[in-house]
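Read through the structure below, which is laid out as structure tokens, and then see the notes.
Read-outs throughout are calculated quantities, based only on the coordinates presented, and are distinct from any laboratory measurement. Note that the coordinates shown come from a computational prediction; the quantities given were computed from them, not determined experimentally. Positions of Cβ are backbone-derived with ideal geometry, glycine not excepted, and every protein chain shown enters the neighbour counts.
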């Protein structure tokens, strides 16, 4: 069995993601991950920037990254010589696991899809890859920042 892919976040990026999710309450929050792509044409898993975005849906059940934020994140990635490599969002009342809607909205099979559950007292962050509707959980490595 192949080893699970690893999403590498700094503690500061983790705090940005979790803070963005709490700031979005009572609605789902979302943001984009920026990082380098490897020579194999897939993200390396190293994140250079966690880019909070607005939820254009303004909904507690769905999210859409605001198009202006998507454009700004793309420019920020380009300035770093990197690319957008994933999108995170929160689940305000359910587990940190992709819903059928999340699976349908997965735009790039190479991207990471982290989900933060705010259902319990402490937030729960899990990260996934979604390819042809198949969900695979990856590992999360929190490095120092």
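Observations on the structure shown:
- Rounded Å value of the spacing that divides the Cα centres of segment 97-111 and segment 20-51: 14
- Listed peptides 83-91, 65-73, 35-43 by packing density, highest first (mean Cβ within 10 Å): 83-91, 65-73, 35-43
- Descending principal axes extents, segment 50-125, alpha-carbon based, whole Å: 37, 25, 24
- Per residue, the Cα convex hull of the chain amounts to 111 Å³.
- Cα centroid separation - segment 61-87 against segment 121-145, whole Å: 18
- Sequence ranges 134-140, 17-23, ranked by mean other-Cβ count within 10 angstrom, highest first: 17-23, 134-140
- DSSP-defined antiparallel bridges as percent of all bridges, the chain, nearest 5: 70
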